[in-house]
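Report on the structure given below.
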Amino acid sequence: MKSKPESKLEASRESAPEFKPGQRKVRTKYGGSCGYKDGWYVLDLKGTNYQISYDHGVMLAEEIRAYIEETRTHVWVCMGVDYDYARADVQRLADGKLSPEIAEELKAIAAGVTFLKPAVTPM
C-alpha cells in the first residue's frame with residue numbers, strides 16, 4: 001500500500017505521466033514541448049533562459065542522467081579517481097569563470113533533471 005505523499009512536490013511526481021524514450025510527445029511546465037522524429041528528440045522551448053533550461057533538463061533528464069553515469073564510470077576507469085572528487089575539482093576551476101547567464105542556465109537544467117517525474121501533460 002502506498003503511503004500518503006509528504007509534500008505537494010511528491011504528489012505531483014506521483015501523478016505526472018512518465019516520459020518514455022521514443023514515445024515522448026509532451027508539453028512542460030513552461031510551455032516547451034518535446035517530440036521524437038527519425039531517432040532524434042525535437043525540443044521546442046519557450047520562455048526566459050531559466051525556463052528554457054529547466055524544461056530542457058526535464059525533457060532530457062533520462063539521457064542526461066545516463067550520460068552522467070557513463071562519465072562516472074569513465075572517470076574511475078580512465079583516471080582512477082572518484083567521480084565526485086573530479087566533479088568538485090572541475091567545479092572549483094570553473095567557479096567565477098562562467099557568465100551569470102550560463103551559470104543560471106546550468107542550474108536550471110540541473111533543477112529540471114533532478115525533478116524525478118516531470119510534471120508534464122500529454123499533447
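Please treat every number below as a calculation from the coordinates, not as lab data. This one's a predicted model, so the numbers in the text were calculated from it and none came from an experiment. Neighbour counts run over all protein chains shown; Cβ positions are idealised from the backbone, glycine included.
Put simply, when 42-50, 70-78, 92-100 are sorted by average Cβ atoms within 10 angstrom per residue, most first, you get 42-50, 70-78, 92-100. Once label points are set 7 Å from the Cα along Cα→Cβ at both residue 37 and residue 111, what is their separation, rounded to one decimal in nm? Going by the 7 Å Cα→Cβ label model, 3.0 nm.
Each residue of the range 103-113 was assigned a 3J(HN,Hα) from its phi angle through the Karplus expression (A = 6.51, B = -1.76, C = 1.60, θ = phi - 60°), giving 4, 5, 5, 5, 5, 5, 4, 4, 4, x, 5 Hz with x at Gly and Pro. The phi-based Karplus calculation (6.51 cos²θ - 1.76 cosθ + 1.60; θ = phi - 60°) puts the 3J(HN,Hα) values of the range 33-42 at 9, 9, x, 9, 9, 6, x, 10, 7, 10 Hz, whole numbers, x for Gly and Pro.
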